[in-house]
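First the structure, in the form of structure tokens, and then the observations on it.
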Amino acid sequence: MNSKQNQKGATLKLKLESRGAHLTQQRAAVFDYLSQVEHHPTAEEVYLAVKQKLPKISLATVYKNLEALVNCGAVSKLSYGDAAARYDIRTDHHYHTRCLGCGKMWDLEAKAGPDWLKQVKPQAGFAVKDYRLELLGYCRDCRQ
Ligand code: ZN
Ligand code: MN
């Protein structure tokens, strides 16, 4: 483990402890997996991956660990209608591409900040609380 990873682990530990939670081996494995992939996996995908390393882990535990990571602000949860929630290691405001085939999502670098938002006019009386920019389409694997 390099010093950057050590630092990340220490930050994660502090975030969890601020919410009365602990950095368990399972929680660290869930967080590690989320850090390693770019497609913002579902809980099920996290479970299948982490089970390779920690065979005793259950899907229910993975759900609980993900919730703990979301609650302490280390991970964000992306919910879209009826589709399974996906989990993102980034917690800053940013955008995504989303595949209509497999449902995977990737970070999208786009300049759609407050200046862009000023040009968008919702109907009178509509109070804007948040916004997101999402490109929908098919990823390389789903295009064929
Ligand atoms: Zn796809
Ligand atoms: Mn993201």
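Taking the Cα centre of the chain as origin and charging only Cβ (+1 Lys, Arg; -1 Asp, Glu), how large is the dipole, in debye to the nearest 20?
Dipole magnitude for the chain comes out near 220 debye.
Please compute the volume of the convex hull spanned by the alpha-carbon atoms of region 18-67 and report it per residue in Å³.
So the per-residue hull volume is 79 Å³.
Sorted from largest down, give the three principal axis spans of the alpha carbons of region 95-143, whole angstrom values.
The principal-axis extents, from largest down, are 42, 20, 14 Å.
Go through 49-60, 65-76 and give me the packing order, highest mean Cβ count within 10 Å leading.
My ranking of the peptides, most packed first, is 65-76, 49-60.
GNM on the chain, C-alpha springs below 10 Å: top fluctuator among His40, His22, His93?
The residue with the greatest mean-square fluctuation here is His93.
Compute, for region 95-143, the length of the dipole vector about the Cα centre, with Cβ point charges of +1 (Lys, Arg) and -1 (Asp, Glu) only. Units Debye, rounded to 20.
Value, rounded to 20: 120 debye.
Using a cut-off of 13 Å between beta-carbons, work out the net charge of the residues near Ala68 (Lys and Arg +1, Asp and Glu -1, Ala68 not included).
Value of the local net charge: +4.
Are there trypsin sites (Lys or Arg not before Pro) in region 108-144 that DSSP marks as loop and that have at most 16 other Cβ atoms within 10 Å, and which are they?
For trypsin sites (Lys or Arg not before Pro) across region 108-144 that sit outside H, G, I, E and B with at most 16 neighbouring Cβ atoms in 10 Å, the list reads Lys111, Lys129, Arg132.
Considering the dipole of the chain built from charges on the beta carbon (Lys and Arg +1, Asp and Glu -1) around the Cα centre, which of Cys102, Ser79, Ser58 is farthest to its positive end?
Ser58
Using a/c under 1.5 as the rounded threshold, could you call the chain rounded, prolate or oblate? The axes a ≥ b ≥ c are square roots of the C-alpha gyration tensor eigenvalues, and prolate needs a/b larger than b/c, oblate otherwise.
Since a/c reaches 1.5 and a/b is larger than b/c, the shape of the chain is classed as prolate.
Laboratory data are not the source of any read-out in this text; all were calculated from the coordinates shown. Owing to the predicted nature of the structure, the values given are computational and were not obtained by experimental measurement. Here the Cβ is made from the backbone with ideal geometry for all residues, glycine too, and neighbour counts use every protein chain on show.
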